Amino acid sequence: MRCFLLLSLIVAHAVCMPDSMCFMPSPGGPSARLVIGTNITETSRGCKVACGNGNGSMRCSKPAAEIFSKQATGCPARSNDLPVLNSDPDPCVSGFYLADVKYGQSPICPRNAQNYILRGVDEFGTRLTLDNDIYNKLTLNATRNLWQFSYPSREFFRYFVAISCAISSGSCGCSSLPLVRPNLAGGVEAQTGVNGACANPSYILTIFSTKYPPGSNKDSFQANVAMAMTITCEAGIWILRHLDNSNGWQIANATCAP
């Protein structure tokens with residue numbers, strides 16, 4: 001999405017956007033304002049964040065070159081609606097399933113053969129993928145007027161303008177899955193895309209989750225458990241899950257070792 005910063009009194013570039021601010025459709029054509037800069041953003045939210053300070057207006061090339069003006073008060077309450085997610089095509093998912101989202105409950109999405117992930121547009125306008133761990137929770141943070149994704153045991157929080165259960169399309173790859181650091185004695189790479197997380201059925205699997213703060217303890221799974229798990233790339237992140245789909249986690253590292 002291409003966004004244009006339009007001159008209206010004073011304009012300042014921004015890297016964040018006050019929680020109380022919103023952008024509402026503004027009358028008038030684009031030609032009535034001077035374009036002072038352009039920016040390419042992933043989503044319309046990113047376009048708004050780029051124009052978050054000062055007294056400027058914003059025009060987005062999608063949809064239909066609309067004009068939006070800042071509104072500091074009286075902004076509507078957040079609604080988690082599909083138009084926000086679908087305003088631009090998301091190649092990483094084959095579909096959003098908002099009706100399956102459970103607010104204030106764990107897990108957020110059903111754990112079934114659909115292999116749901118969470119996919120949304122965060123407060124900065126970036127599309128993010130998160131796991132469907134059975135201990136995740138999604139609530140509306142009324143103070144910030146944003147959806148709060150939380151994994152309480154590790155004090156992991158992310159804030160979204162819209163988020164939904166989704167299914168990976170398989171079109172967005174993952175970077176290589178590195179070994180845990182420091183590496184374990186005799187440690188080798190875990191295998192991905194197949195049943196059994198370790199090629200050697202006697203090896204223990206050790207992982208570190210991307211939801212863990214630095215310095216946290218790693219998790220280990222005994223050989224018989226690791227053989228009943230699989231590691232797959234889902235919309236840009238690595239997911240380790242039980243083959244019976246009882247739970248799954250996003251991971252940053254994995255090592256198989258004696």
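Points worth noting:
- Failed criterion for Gln71 (all others in (1) of a type in the set (S, T, N, Q); (2) touching a Cys at 6+ places or on another chain (Cβ under 9 Å); (3) closer than 30 Å to Ser246 by Cβ hold): (3)
- Among residues of region 210-230 that are surrounded by 13 or more Cβ atoms within 10 Å (Cβ to Cβ), those with a beta-carbon under 9 Å from a residue that is modelled with pLDDT of 95 or more and among the basic types (Lys, Arg) at least six positions away or on a different chain give the pairs Met229/Arg241; Thr230/Arg241.
- Any chance Ser164 is modelled with pLDDT of 95 or more, of a type in the set (Gly, Ala, Ser) and in contact with a Pro (Cβ under 7 Å, 6 or more places away or on another chain): no
- In the set (1) closer than 20 Å to Trp147 by Cα; (2) modelled with pLDDT of 65 or more; (3) of a type outside the set (Val, Ile, Thr); (4) part of a loop (DSSP other than H, G, I, E, B), the condition left unmet by Pro91 is number (1).
- Members of region 116-142 found to be farther than 13 Å from Trp249 by Cβ, in a loop (DSSP other than H, G, I, E, B) and not hydroxyl-bearing (Ser, Thr, Tyr), listed by number: Glu123, Phe124, Gly125, Ala142
- Among (1) assigned to a strand (DSSP E or B); (2) more than 20 Å from Ile239 (Cβ to Cβ) - the single one Asn200 does not satisfy: (1)
The values are calculated or read from the model by the stated rules, or taken from the named source; none is laboratory data. All values reported here derive from a predicted model rather than from experimental measurement. Neighbour counts are summed over all protein chains in view; Cβ atoms, including those assigned to glycine, are modelled from backbone coordinates with ideal geometry.
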